[in-house]
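Read the structure below first, then the notes.
The values are calculated or read from the model by the stated rules, or taken from the named source; none is laboratory data. Note that the coordinates shown come from a computational prediction; the quantities given were computed from them, not determined experimentally. A quick note on method: Cβ atoms are made from the backbone with ideal geometry, for glycine too, and the neighbour counts reach across all protein chains shown.
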Amino acid sequence: ESTAAGAANTDRMGGFRDGFKEFCEIPADKERILDGADRTDPALEQMTNLLGALPGDRIVVTAINEDGILGAIGAANTLGRQTDLYYAGQGADPSAWKEIACNANYIGTTAYYPERYGTLLIPNMIKLLQGETIPENIFTEHEIVNSENIREIYPETQAC
């Protein structure tokens, strides 16, 4: 998590928590929050420390972004626990595409498509400058990206 990210952290990680509450009965003492693990190096360090003392072979790792997941994957690789962890990220950052495509334990991520913002915003900015009314909110459609669809969405994804 990254509590420094404020509402973005609350919303993104809260969505994961809501999903777990709806579909799983996980005791509160099973949740571990690693604040500041939203960058690869801090996530690697924090996850390495956590995994060294955490038993189990079905550990779900969620993160506010792909950097946190990549750090967790690095920790699992370092400790030889690649099959113990299952991942769900957010952002579909290019740095994670190969992992999303090739790592059987990478369940999926949410694509926000920041690369599409301009194609939505610029035409609306022009309309506004021309005195036209534009929608109050302009959103990109979010989409789940996983090994089954990543190459359709991002064809340049590396081969496994």
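Which number in (1) touching a residue at least 24 places away in the same chain (Cβ under 8 Å); (2) hydroxyl-bearing (Ser, Thr, Tyr); (3) out of contact with any strand residue (DSSP E or B) (no Cβ under 6 Å at 6 or more places or on another chain) marks the one condition that Thr109 misses?
If we test Thr109 against (1) touching a residue at least 24 places away in the same chain (Cβ under 8 Å); (2) hydroxyl-bearing (Ser, Thr, Tyr); (3) out of contact with any strand residue (DSSP E or B) (no Cβ under 6 Å at 6 or more places or on another chain), just (3) comes out false.
Criterion first (in contact (Cβ under 8 Å) with a residue 40 or more places away in the chain and buried (at least 20 other Cβ atoms within 10 Å of the Cβ)) does Ala63 satisfy it?
For Ala63, the condition - in contact (Cβ under 8 Å) with a residue 40 or more places away in the chain and buried (at least 20 other Cβ atoms within 10 Å of the Cβ) - is met.
Could you identify the single residue in Ile134, Ile64 that is of a type in the set (A, V, I, L, M) and over 16 Å from the mean Cα position of the chain (by Cα)?
Ile134
Here is a check on your reading of the model: is Asn149 over 29 Å from Leu54 (Cα atoms), surrounded by 13 or more Cβ atoms within 10 Å (Cβ to Cβ), modelled with pLDDT of 95 or more and among the polar types (S, T, N, Q)?
Judged against the criteria, Asn149 is a match.
Applying the selection to segment 6-59, what residues are of a type in the set (A, V, I, L, M) and either surrounded by 16 or more Cβ atoms within 10 Å (Cβ to Cβ) or closer than 14 Å to Gln90 by Cα (or both)?
The answer is Ala8, Met13, Leu34, Ala37, Ala43, Leu44, Met47, Leu50, Leu51, Ile59.
Any residue at all in segment 66-80 that is in contact with a Gly (Cβ under 6 Å, 6 or more places away or on another chain) and surrounded by 13 or more Cβ atoms within 10 Å (Cβ to Cβ)?
For segment 66-80, residues in contact with a Gly (Cβ under 6 Å, 6 or more places away or on another chain) and surrounded by 13 or more Cβ atoms within 10 Å (Cβ to Cβ): present.
Where the second residue is exposed (fewer than 12 other Cβ atoms within 10 Å of the Cβ) and the first is in a loop (DSSP other than H, G, I, E, B) and lies in segment 1-30, which pairs have Cβ atoms under 7 Å and are six or more apart or on separate chains?
Matching pairs, first to second residue: Glu1/Ile33.
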